[in-house]
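Engineer: One structure follows; several queries about it will come next.
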Amino acid sequence: MKKLVRGGTVVTATEMFDADVLVEDEQIAWVGRSEDAEADEVIDASGCFVLPGLIDNHTHLSMPFGGTVTADDFDTGTAAAAAGGTTCIVDFALQTDGSLLKGLETWKANAEGRAHVDYAFHLAVSEASPEAIREIPRAVEEGVSTFKLFMAYKGALMVDDLEMLNVFEAMAETGALPMVHAENGDAIVFLQERAAAAGELAPRFHATTRPPEVEAEATSRAIRLATWAGSPLFVVHVSCEPAVAEIQRARDAGLPIYGETCIQYLALTVEDLAREGFEGAKFVCSPPLREAYNHDVLWSALRQQALQIVSTDHCPFNYETQKSLGRDDFRLIPNGLPTIESRLAVMYEYGVRGGKITMPELVRMVSTAPAQLFGLAPSKGAIAAGADADLVVFDPSVETTISAATHKMNVDYNPFEGHAVHGEPRVVLARGDVVFRDGDVVSSPGRGRYVARDCVSLGS
Ligand code: URP
Ligand code: ZN
Ligand code: ZN
């Protein structure tokens with residue numbers, strides 16, 4: 001089966017040029033121009049950018065968290081991903097009953113038969129017992145090459161420094177990449193107890209009890225611990241200037257430290273958390289949303305590649321039935337935002353149209369860099385002969401307003417509600433299949449495949 005994506009402007013991580021893309025079955029056959037190319041289907045890309053499918057390396061589907069379970073499963077979550085131009089996700093499987101391998105098995109079962117787009121897994125280590133550490137090489141063999149440690153969420157997912165060191169050492173030995181949620185969990189409990197004693201229980205106190213220094217301290221500590229153990233490190237959802245400064249300093253010293261931010265930290269602020277009544281609960285995520293000046297700091301860090309990736313940290317909870325668990329106490333509001341569908345729109349509107357980044361930089365941050373850092377390249381993250389035919393035909397002329405009334409995510413609100421944006425996918429192809437066309441997800445649950453990932457050599 002041949003499909004010709006005709007008449008668009010192809011955007012890669014380094015350049016833009018007018019070209020057609022011929023897709024043969026699951027792969028790209030060639031990129032170029034040919035008057036007499038034959039195809040079973042021609043996809044009109046005139047007036048559009050043709051991008052490599054986005055990769056979202058930070059999602060939480062069907063994840064038990066904060067006393068409830070995230071609202072999107074692998075069907076609804078990956079359908080929403082496809083609608084937003086994302087053709088591959090890397091989701092976080094949680095250690096289950098003390099076992100990493102059981103966690104992987106559980107998450108594979110969650111995804112099997114449901115996913116619309118390809119998926120891979122990181123493993124979150126919440127209890128770094130000797131038994132769990134011994135499972136790491138086996139998990140790597142199974143295609144999990146990245147392991148996340150939470151330095152926050154005390155009493156739930158948080159690990160201590162000794163556990164971190166043991167995991168970092170195992171990473172150095174296996175070639176896997178550790179990832180950290182960098183916030184000092186003990187400091188947060190200390191600040192939360194003080195806030196509660198003062199009766200400060202509204203959603204806005206989520207931010208005051210997780211100030212930027214709490215993130216910066218943990219970032220700096222994680223960098224040191226990883227360095228002592230001889231391991232590279234990836235810092236997830238970096239939100240603020242002092243945390244960026246820690247990463248920049250390490251990179252300036254030649255250390256293999258990498259990081260991402262997420263669209264919410266580029267387009268929303270702590271003012272959203274302070275909205276009237278309980279509305280702020282819609283914006284409770286960790287690290288918290290920050291003051292607006294951090295947007296420029298993050299764009300600049302991305303441009304300079306102190307941070308390499310923009311992901312979503314999609315972690316959806318319904319406002320009425322789940323965020324409401326914390327109506328009387330912000331500490332009980334499940335942490336996380338529904339964002340998987342809006343990344344391209346937000347990046348194009350605030351990044352490219354806002355004059356912060358170019359189109360190739362956008363492609364680098366949302367597709368090529370995640371493919372390279374997370375072991376999905378060269379199949380994914382590129383428009384080149386032989387790569388998977390994961391393509392987004394993106395029409396920049398369309399003007400829309402983001403809204404829960406029209407989104408595909410299985411959640412009752414959208415944190416970007418009312419944001420007027422330009423551009424939306426016209427057609428999305430995933431391994432050669434049209435999965436989204438003219439506003440509708442047209443794939444079936446179960447077409448997405450598990451992708452086993454190799455370790456990437458990032459130095460130490
Ligand atoms: O608030 C957030 N970020 N929820 C998802 C879990 C995590 O920390 O990544
Ligand atoms: Zn996290
Ligand atoms: Zn997350």
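Engineer: Sort out which residues of region 292-319 are over 21 Å from Ile333 (Cα atoms), away from ligand 3 (no atom under 16 Å from the Cβ) and in a loop (DSSP other than H, G, I, E, B), and write them in order of number.
Structural biologist: If the condition is that a residue be over 21 Å from Ile333 (Cα atoms), away from ligand 3 (no atom under 16 Å from the Cβ) and in a loop (DSSP other than H, G, I, E, B), then Ala292, Gln304, Gln305, Ala306, Gln308 are the ones that fit.
Engineer: Quickly run through region 163-180 and pick out the residues that are open to solvent by 10 Å² or more (accessible area, probe 1.4 Å), in contact (Cβ under 8 Å) with a residue 40 or more places away in the chain and over 15 Å from Pro256 (Cβ atoms).
Structural biologist: Leu165, Glu169, Thr174
Engineer: Might you check whether a residue that is open to solvent by 10 Å² or more (accessible area, probe 1.4 Å) and modelled with pLDDT under 95 occurs anywhere in region 66-85?
Structural biologist: Checking region 66-85: at least one residue is open to solvent by 10 Å² or more (accessible area, probe 1.4 Å) and modelled with pLDDT under 95.
Engineer: Just name the residue that is nearest to ligand 3 (Cβ to nearest atom) out of those in region 42-59 that are crowded, with 24+ Cβ neighbours inside 10 Å and not in a strand (DSSP E or B).
Structural biologist: Restricting to residues being crowded, with 24+ Cβ neighbours inside 10 Å and not in a strand (DSSP E or B), the top hit is Gly53.
Engineer: In addition: Quick one: in region 181-214, which of the residues that are in a helix (DSSP H, G or I), small (Gly, Ala, Ser) and open to solvent by less than 10 Å² (accessible area, probe 1.4 Å) is farthest from Phe330 (Cα to Cα)?
Structural biologist: Ranking the candidates gives Gly185 first.
Engineer: Moving on to the next point. Among the residues in region 125-140, are any within 16 Å of ligand 1 (Cβ to nearest atom) and not in a loop (DSSP other than H, G, I, E, B)?
Structural biologist: So far as region 125-140 goes, no, none of its residues is within 16 Å of ligand 1 (Cβ to nearest atom) and not in a loop (DSSP other than H, G, I, E, B).
Engineer: Filter region 172-186 down to residues that are acidic (Asp, Glu) and either at pLDDT below 95 or more than 11 Å from ligand 2 (Cβ to nearest atom) (or both) and give me whichever is farthest from Ser220 (Cα to Cα).
Structural biologist: Glu173
Engineer: Anything in region 36-72 that is of a type in the set (Asp, Glu) and away from ligand 1 (no atom under 16 Å from the Cβ)? List them, or say none.
Structural biologist: Result: Asp36, Glu38, Asp40, Glu41, Asp44.
Engineer: Could you pull out the residue among Gln322, Gln264 that is of a type in the set (S, T, N, Q), in contact with a Pro (Cβ under 6 Å, 6 or more places away or on another chain) and modelled with pLDDT of 95 or more?
Structural biologist: Gln322
Engineer: Please verify whether Tyr153 is within 16 Å of ligand 3 (Cβ to nearest atom) and within 19 Å of Asn57 (Cβ to Cβ), treating the condition exactly as stated.
Structural biologist: It is false that Tyr153 is within 16 Å of ligand 3 (Cβ to nearest atom) and within 19 Å of Asn57 (Cβ to Cβ).
The values are calculated or read from the model by the stated rules, or taken from the named source; none is laboratory data. Since this is a predicted model, take the numbers as computed values, not measurements. Backbone-built Cβ (ideal geometry, glycine too); neighbour counts: all protein chains shown. When the accessible area is computed, the model is the full protein with side chains, heavy atoms only, and any ligands, DNA or RNA have been set aside. Shrake-Rupley method; radii C 1.70, N 1.55, O 1.52, S 1.80 Å.
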